[in-house]
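No value in this document is a laboratory result; all are computed from the given coordinates. Because the structure is a prediction, the values reported are computed rather than measured. Cβ: placed from backbone, ideal geometry, glycine included. Neighbour counts: every protein chain shown.
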Amino acid sequence: MKIKLYHYTIPCRTGVVLRKQPLTERQGLIIRLEKNGNIGWGEIAPLPTFSRETLAECEAQVRQWLKKPTDLMDNFAPSVAFGISCALAELNGTLQPEGNFRSAILCDGDVAKFSAKLTACQAHLGKIKIGFNAEKEGELANLLLMQFPDLQLRLDANRVFSLKQAVKFAEKIAKPLRSRIQFIEEPCQTPALSRQFAEMTGIHIAWDESVREPHFLVKDKPNLTAIVIKPTLTGSLEKCVSLIQQAHSQGISAVISSSIESSLGLTQLARIAKQYTPDMVAGLDTLHLMQWQLLRQWQGSDLPLIEENSEFLRLILESED
């Protein structure tokens, strides 16, 4: 098997902030496997402030894997496990080529811009990142639901709100409109408080951070409607598929979601969504945060494409056994 490992750096658009830290560029590793004329690519891109592993640790783990390639990914960091497992899935032909490129449309507070994007994409599903100002964000959600009668919303709080703040958020949304909120991802600081919030407000919830906790198992709970799977933060493709199957067996939806991967990783997430969650719109509307695409084009994007010989992509390892 021929193996190449690249390091990439892609400039981000101004204003990208992760947990109060500006993200000026996205860095990651790209692994390319070739065997018997078949090729598989994978992206290993730990997300700053979210992933526990650093990029240097990822590179060390990939070099360790190269000494003894294996399909077993349990001992590797999540982003490493996901990237290598995707490359193996492409190499072996087990990841189908078709993707689901529909996505929930992110709203950053600019209603006119959001409206234009909904129209351009013929979409009826929006997403708002919340957790900064409960009452103002509640007012924005209420405004969007009133202004767009066919719109449904997903909201992501990242466990920021206290129960009191979360309830204040909900109080700004008219009760007849709340049924059009598909879910809020982890509105409160603990799962128990999030369940209490759902019971008090009638707004459905989804697990996000909880999915990545050790020994997590999907269990049906009142008002729990979905789990959100961010593969780069979760682990191997096999682990993600297992979580999807657990959820579906209990009547709970599974949503594939981005961790700001490049267009290479995003297109693979779209393929995973199509193959394993065909009836669910994924959360992949993050390519606009970057200034370039990498190796593969996202459907409908006009961003310039970085090829294999680009200055943004540096070969750091090449081997053949």
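General observations
- Reported label for calculated volume of the Cα convex hull per residue in Å³ given (1) 128; (2) 162; (3) 149: (1)
- A Cβ-based charge dipole, computed about the Cα centre of region 105-288 with Lys and Arg at +1 and Asp and Glu at -1, lands at about 140 debye.
- Distance in nm between pseudo-label sites at Val111 and Ala174 (7 Å out along the Cβ direction from Cα): 1.3
- For the chain, size of Cβ-based charge dipole, Lys and Arg +1, Asp and Glu -1, in debye: 680
- Exposure proxy order (Cβ contacts within 10 Å, fewest to most) of Phe161, Phe148, Phe132: Phe132, Phe148, Phe161
- Using alpha-carbon coordinates, inclination of helix 134-147 to the longest axis of the chain, degrees: 90
- Gyration tensor (alpha-carbon) shape descriptor, region 105-288, a/c threshold 1.5: oblate
- Modelled spin labels at Leu217 and Val17, positioned 7 Å past Cα toward Cβ, are 4.1 nm from each other.
- Extended-chain gain in nm, criterion 0.36 nm per residue less alpha-carbon gap, Gln64 and Lys2: 20.7 nm
- Listed residue pairs exceeding 25 Å between alpha carbons, taken from Lys168/Lys221; Lys127/Lys175; Lys168/Lys274; Lys117/Lys168; Lys2/Lys274: Lys168/Lys274; Lys117/Lys168; Lys2/Lys274
- Taking a ≥ b ≥ c as the square roots of the eigenvalues of the alpha carbon gyration tensor, region 20-104 is oblate, as a/c is not under 1.5 and a/b does not beat b/c.
- Proportion of all alpha-carbon pairs of region 220-321 beyond 20 Å (%): 48
- Calculated FRET efficiency for the pair His124/Lys35, C-beta based, R₀ 45 Å, to 0.05: 0.55
- If you take all other residues with their beta carbon under 15 Å from the beta carbon of Leu72, and give Lys and Arg +1 and Asp and Glu -1, the sum is 0.
- Taking a sphere under 14 Å around the Cβ of Ser179 and counting the other residues whose Cβ falls inside, with K and R at +1 and D and E at -1, yields a net charge of +3.
- Of the trypsin sites (Lys or Arg not before Pro) found in region 1-83, those in coil by DSSP whose Cβ has at most 12 other Cβ atoms within 10 Å are Arg13, Arg19, Lys20, Arg52.
- Here the sum of -39500 (n - 2.57) over DSSP H runs of 4 or more residues, divided by the residues of the chain, equals -10000 deg cm²/dmol at 222 nm, to the nearest 500.
- Between Asp279 and His248, the distance separating the two model label sites (each 7 Å from Cα on the Cα→Cβ line) works out to 1.0 nm.
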